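Here the structure comes first, spelled out in structure tokens, and everything after it is commentary.
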Amino acid sequence: MDASKLTIENVAKKFGEVIAVDRVNLSVKPGEFMALLGPSGCGKTTLLRLIAGLEKLDEGSIRLGNQVIDDMSPKDRNVAMVFQEFALYPHMTVFNNMKLPLKNRGYSKDKINEKIHWATKLMDIEDLLDRIPAQLSGGQKQRAALGRAIVREPKIFLLDEPLANLDAKLRAKMRVELKKLQRKLQVTTVFVTHDQVEAISMGDRIAVMKSGKIKQTGSSKDLYYHPSDKFVAGFIGSPSMNFFEGELLEKGEKIIIDTGDFTFPLSAEIAGIVIKKMHGSKLILGIRPENIHVNVSKKGLIVAEIEGVEPLGFETFLHLKFDNNLAVARTSAKTEFSVGKKINISFYEDAIHLFDGKTEEALGG
Ligand SMILES: Nc1ncnc2c1ncn2[C@@H]1O[C@H](COP(=O)(O)OP(=O)(O)OP(=O)(O)O)[C@@H](O)[C@H]1O
Ligand SMILES: [Mg+2]
């Protein structure tokens, strides 16, 4: 088996009463870029530290290839971690920071220089080699920390929000660079972020975490089109999916969802699937902003008031107000909209997502 395959099985970690990581299962293929996405405090850093060996597991097991690494010291794991608050040695120059892990591995002086040259060129920090961390900006520190991680050519990269402190432009550039670098080096990578755009644009697959648990793992398309629950649905996509609480009702021959703001008829096929999976009569209807169609002139069944207009150049976000709910629609910038006006909206059944009112799990269909 490939020694750079990472397998995490039933891993749990508590800090006193706080369950930081709650029986997590995750498998990262050799060379894969796995983005670990979730809100602050959901356990991302703790999971990385468990993989790196900086925290001890309470339960479960972690393997690299076939080897169980649970009791291995961090330095024997051949795992490189770039921390959220970059851990460069403060009294050492960038050059010496990068040299240390190589020296510890017994590389020759020439080889060390060659590797550092290669890594600093990739990271665009060639001019900073003689500076100590206190003389660097946040972004430069981050790139130096990344450089130090890559010179070691580890089996696994663990990157904890490595782009968080960069300005928007450098961040966008580094996203592309880092991804390119990872492809080239083919290093199995776990990349932590709370930014869904970053996770989607960089991850081969994405694991979405909440309260210590992994809620769903999949490609960006899986998560976008088939979210397993309301949390994942709301977390992936910007602006977020709109949600309307509703009730499933029989109206004559038809099955409809009544949200209080509008009713939405379901086809017999979808109604059949939904009814089988539901725990009660309450459900949540989700619709992404780009799937709300605004019909300026036509008369529609769903009426909303324009509460705000957010023009972004190539498109416009419309903030809509219903009796009970708010929603955002993404529309073409070509049409002029004015605040306070009523408009008709519509959406297709194949674009809606339905979630159980109690468990918030996807009802499929
Ligand atoms: N050493 C510690 N002692 C006590 N509690 C801790 C410790 N480290 C983490 N925690 C708690 O464990 C939970 C998970 O923390 P963790 O740092 O893993 O979150 P995170 O997802 O990385 O968040 P962020 O996005 O803010 O960095 C939090 O509730 C945190 O307060
Ligand atoms: Mg963290």
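The values are calculated or read from the model by the stated rules, or taken from the named source; none is laboratory data. Not measured: the values here are computed from a predicted model. Positions of Cβ are generated from backbone atoms using ideal geometry, with glycine treated the same way; all protein chains shown enter the neighbour counts.
Some points to look at:
- Restricted to segment 2-40, and to residues there that are over 19 Å from the mean Cα position of the chain (by Cα) and on the phi > 0 side of the Ramachandran plot, the residue that is surrounded by the fewest Cβ atoms within 10 Å (Cβ to Cβ) is Gly16.
- Considering (1) outside any loop (DSSP other than H, G, I, E, B); (2) within 15 Å of ligand 1 (Cβ to nearest atom); (3) over 18 Å from Lys155 (Cβ atoms), the lone condition that Leu57 does not fulfil carries the number (1).
- Some residue of segment 243-253 being small (Gly, Ala, Ser) and over 20 Å from Glu349 (Cβ atoms): no
- You will find that of Val197, Val190, Val208, the residue that is at pLDDT below 95 and closer than 25 Å to Pro39 by Cα is Val197 and no other.
- Taken over segment 162-179, the residue count meeting the criterion of being without any contact (Cβ under 8 Å) to a residue 12 or more places away in the chain and either exposed (fewer than 15 other Cβ atoms within 10 Å of the Cβ) or outside the structural domain of Lys141 (by TED's automatic domain parsing) (or both) is 4.
- The set of residues in segment 241-259 being modelled with pLDDT of 95 or more and part of a loop (DSSP other than H, G, I, E, B) consists of Met241, Thr259.
- Residue within segment 64-77 that is touching a Pro at 6+ places or on another chain (Cβ under 8 Å), in the same structural domain as Leu166 (by TED's automatic domain parsing), modelled with pLDDT under 95 and not small (Gly, Ala, Ser) present: no
Okay, residues lined up against (1) surrounded by 19 or more Cβ atoms within 10 Å (Cβ to Cβ); (2) within 22 Å of the chain's Cα centre (by Cα); (3) part of a helix (DSSP H, G or I):
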{"residue": "Leu100", "(1), (2), (3)": "no, no, yes"}
{"residue": "Lys103", "(1), (2), (3)": "no, no, yes"}
{"residue": "Gly106", "(1), (2), (3)": "no, no, no"}
{"residue": "Leu122", "(1), (2), (3)": "yes, no, yes"}
{"residue": "Ile150", "(1), (2), (3)": "yes, no, yes"}
{"residue": "Leu158", "(1), (2), (3)": "yes, yes, no"}
{"residue": "Leu181", "(1), (2), (3)": "no, yes, yes"}
{"residue": "Val190", "(1), (2), (3)": "yes, yes, no"}
{"residue": "Glu198", "(1), (2), (3)": "yes, yes, yes"}
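- Among residues of segment 15-34 that are more than 17 Å from Lys210 (Cα to Cα), those with a Cβ under 8 angstrom from a residue that is part of a loop (DSSP other than H, G, I, E, B) and among the hydroxyl-bearing types (Ser, Thr, Tyr), sequence gap 6+ or separate chain, pair up as Pro30/Ser4; Gly31/Ser4.
- Qualifying residue in segment 56-65 (condition: within 14 Å of ligand 2 (Cβ to nearest atom), of a type outside the set (Lys, Arg) and over 25 Å from Ile236 (Cα atoms)): no
- Every test in (1) under 23 Å from Arg183 (Cβ atoms); (2) more than 29 Å from the chain's Cα centre (by Cα); (3) not in a helix (DSSP H, G or I) is passed by Pro90 save one, and that test is (1).
- The set of residues in segment 200-221 being free of Cβ contacts under 8 Å to residues at least 60 places away in the same chain and either in a strand (DSSP E or B) or charged (D, E, K, R) (or both) consists of Lys215, Gln216, Gly218, Lys221.
- Considering only residues in segment 279-290 that are modelled with pLDDT of 95 or more and more than 22 Å from the chain's Cα centre (by Cα), the one that is farthest from Gly357 (Cα to Cα) turns out to be Leu285.
- Selection count where residues are surrounded by 14 or more Cβ atoms within 10 Å (Cβ to Cβ) and in contact (Cβ under 8 Å) with a residue 24 or more places away in the chain, scope segment 309-325: 6
- Neighbours by Cβ (under 6 Å, 6+ apart or cross-chain): first from segment 52-72, over 18 Å from Asn25 (Cβ atoms) and of a type in the set (Gly, Ala, Ser); second part of a loop (DSSP other than H, G, I, E, B) and more than 16 Å from ligand 1 (Cβ to nearest atom): Gly53/Arg77
- Residue-level check: of (1) closer than 30 Å to Asp130 by Cβ; (2) basic (Lys, Arg); (3) within 16 Å of ligand 1 (Cβ to nearest atom), Lys14 misses just (1).
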